[in-house]
Amino acid sequence: MKILVIGRGGREHAIAWKLAQSALKPQLFFAPGNDGMLTLRNVETCRVPIEETDVEGLLAFVKENGIDLTVVGPEAALMCGIADAFKAAGERIFAPTREAALIEGSKQFAKELMAKYDIPTARFRTFEQYDAAKAYLDEVGAPIVIKYDGLAAGKGVVVAQTQEEADEALRDMLLDNRFGQGKVVMEEFLQGPEFSLMAMVNGEQVVPLSVAQDHKRAYDHDKGPNTGGMGAYTPVPVIPKAQIDWAVEHIMKPTAAALVKEGRPFCGILYGGLMLTQDGPKVIEFNARFGDPETEVVLPALEGDLLQMILDLLEHKPVAPACSAYSYCGVVLAAKGYPGKYEKKLPLRNLDNASQTVFHMGTQRVDGQWYSNGGRVLCVVGRGNTFEEARKDAYEGVENLITPDLFYRTDIGWQAI
Ligand code: AMP
Ligand code: GLY
């Protein structure tokens, strides 16, 4: 069986790592992948130099090479309509269509869907004009959350503690068009621990994976700028099982059903970014894909054959994932300066003798030597019978791999201690 994985980061390395363990012994192709993905053992691997968003090029490759299944990592490919093109051509793909992926691509669409189907989320209003948005702000005051409606590389959300901060964000987004011409969603400020609940979805079928927690800020104690994510762990003890079950029944399943009713059935990974508020779990955002770095801990914690699960799900057969009894903790090593300016081609060390699972987020191999090739470079995943043990294991791995050019957060999973 030939599988194509689209993407080039730690998330895709984790997907490939898990697929490589399948009893179906697949042959793996990566477009464009990273060099770390070529180190997977007991499986044939190959990188193909096609960009994630080159839908025509990817489709031609799949046809020419008889690829049996394509699995998509990044959101950009979804918004280019990769699933639509593949489905039209009769090619098997595990990814949502553009219309279904709008649940991530448009905050307004997601919020209106939740309002229509009574899916718990923060109260909100949408604005296109600065004057109207400012008038609403003057009426409701701060704290308030302001979100640009569209893909803004994770920088489109401002949690404003004061009215001045909120006004600045509105000016930025609606007057100066910082992310392009667009709308903003203004949301009620919610409080509580956040968690990521990913589910494998096909139509109304929803198969939840284990719950994880991301760490978006660059530095310890949640200080510093927002990043793509500096670490994650699973399971999350501060979120009781009853609340997770509630979220599956009252958020994930109704959302999948709502998308079917709206004529945009979802196929792929539906990612709920949720917050456990005093009134129960509420949706902060949805993504239409695997989360990064959550995937780097959630897939190791998945017992079962991911490839077989995807194939069964695509045929609407029953799928029952089992969660590992272990805890997993993933710590990201990033280039100093990230998420601002940073250097590439920083030399890395000890990658070939790590005893932990290490996913490559941004690396390259030149003449047998490993170098960085991005802001987030590696994700070191520790495992243990308890969170404490998993954390200890992960940080032992970090000690082995750290160099003076890299930094990491020392408090991944602080909410679990
Ligand atoms: P998002 O891109 O929508 O996930 O937002 C990024 C981050 O902003 C979230 O992870 C939360 O920490 C915070 N956030 C977003 N919406 C809210 C809200 N309504 N109340 C409080 N914090 C929020
Ligand atoms: N970890 C958050 C995301 O993947 O968007």
Separation between Cα centres of the range 72-115 and the range 368-417, rounded to whole Å: 32
Peptide ranges 131-141, 315-325 listed from the most packed, as the mean C-beta count within 10 angstrom indicates: 131-141, 315-325
Mean separation of Cα contacts under 8 Å, 6 or more apart, over the residue count of the chain: relative contact order %: 16
Orientation-averaged projected area, Cα convex hull of the range 267-417 (nm²): 11.5
20 Å Cα-Cα reach of Lys241 towards lysines, excluding residues that sit fewer than 8 places from it in its own chain: Lys253, Lys282
Simple Cβ-charge dipole of the range 259-405, Lys/Arg +1 and Asp/Glu -1, about Cα centre, in debye nearest 20: 480
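About the Cα centre of the range 1-158, how large is the charge dipole given +1 on each Lys and Arg Cβ and -1 on each Asp and Glu Cβ? Please answer in debye to the nearest 20. Display every interim value, and only then the final one.
Working: 19 positive and 21 negative charges, 107 e Å.
Charge dipole, the range 1-158, about its Cα centre: 520 debye, nearest 20.
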Counted charge near Ala89, where neighbours are those whose Cβ lies closer than 12 Å (Asp, Glu -1; Lys, Arg +1): 0
Estimated 222 nm signal from helices in the chain, with DSSP H stretches of n ≥ 4 weighted -39500 (n - 2.57), rounded to 500: -7500 deg cm²/dmol
Probe 1.4 Å - accessible area at Thr162, Å² to nearest ten: 60
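When the dipole is taken about the Cα centre of the chain, and only Lys, Arg (+1) and Asp, Glu (-1) are charged at their Cβ, what size is it in debye, to the nearest 20?
The calculated dipole for the chain is roughly 580 debye.
If you average 1/r over every pair of different alpha-carbon atoms in the chain and take one over that average, what Kirkwood value in Å do you get?
Details: mean 1/r = 0.0458 Å⁻¹.
By the Kirkwood definition, the hydrodynamic radius is 21.8 Å.
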Solvent-accessible ranking of Trp370, Trp17, largest area first, probe 1.4 Å: Trp17, Trp370
Positive-end residue, the chain charge dipole about Cα centroid, Cβ charges, pick of Pro254, Tyr117, Gly7: Gly7
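Which value, in Å², gives the accessible area per residue of the range 100-155 when a 1.4 Å probe is used on the protein heavy atoms?
Ligands and nucleic acids excluded, the figure is 47 Å² per residue.
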Cβ-based charge dipole, the chain, positive-most Cα from Thr45, Gly330, Ala320: Thr45
Among Ala212, Ala160, Gly192 the positive-end extreme of the charge dipole of the range 154-251 (Cβ point charges): Ala212
Protein-only accessible surface order, largest first, of Lys261, Lys344 at 1.4 Å: Lys261, Lys344
Residue of Lys63, Lys253, Lys341 that the Gaussian network model of the chain assigns the largest fluctuation, springs spanning Cα pairs under 10 Å: Lys341
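Ignoring ligands, DNA and RNA, please state the percent of accessible area on the range 103-248 from carbon and sulfur, probe 1.4 Å.
Working: 3220 of 6700 Å².
Ligands and nucleic acids excluded, carbon and sulfur reach 48 percent.
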Three principal axis lengths of the range 104-211 [C-alpha, angstrom, descending]: 43, 28, 25
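So for the range 285-365, what percent of the C-alpha to C-alpha distances run longer than 21 Å?
Working: 1613 of 3240 pairs.
Counting pairs separated by more than 21 Å, the tail of P(r) holds 50 percent.
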Value of D in µm² per second that Stokes-Einstein yields for the range 329-417, Kirkwood Rh from Cα pairs, at 4 °C (1.567 mPa s): 98
Heavy-atom accessible area ranking, 1.4 Å probe, most first, across Tyr271, Tyr342, Tyr219: Tyr219, Tyr342, Tyr271
Residues whose placed amide H lies under 5 Å from that of Val236, excluding near-sequence neighbours: Val211
Straight-distance crosslink candidates among aspartates and glutamates, where the alpha carbon sits under 18 Å from Lys87 and sequence neighbours closer than 8 are dropped: Glu52, Asp54, Glu56, Glu64, Asp68, Glu75, Glu99, Asp312, Glu315
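Work through the residues other than Ser355 whose Cβ is under 13 Å from its Cβ and net out their charges, Lys, Arg +1 and Asp, Glu -1. All intermediate terms of the calculation are to be shown ahead of the outcome.
Values: positive: Arg383, Lys392; negative: Asp352, Asp393, Glu396, Glu399.
Around Ser355, the charge tally is -2.
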Accessible carbon and sulfur surface of the range 288-417 relative to its total accessible area, %, 1.4 Å: 46
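The values are calculated or read from the model by the stated rules, or taken from the named source; none is laboratory data. Remember, it's a predicted structure, so these values are computed and weren't measured experimentally. Ideal geometry is used to build each Cβ from the backbone, glycine not excepted, and the neighbour counts take in all protein chains shown. Ligands, DNA and RNA are stripped out before the accessible areas are found, and what is left, the full protein with its side chains, is counted by its heavy atoms. Shrake-Rupley method; radii C 1.70, N 1.55, O 1.52, S 1.80 Å.
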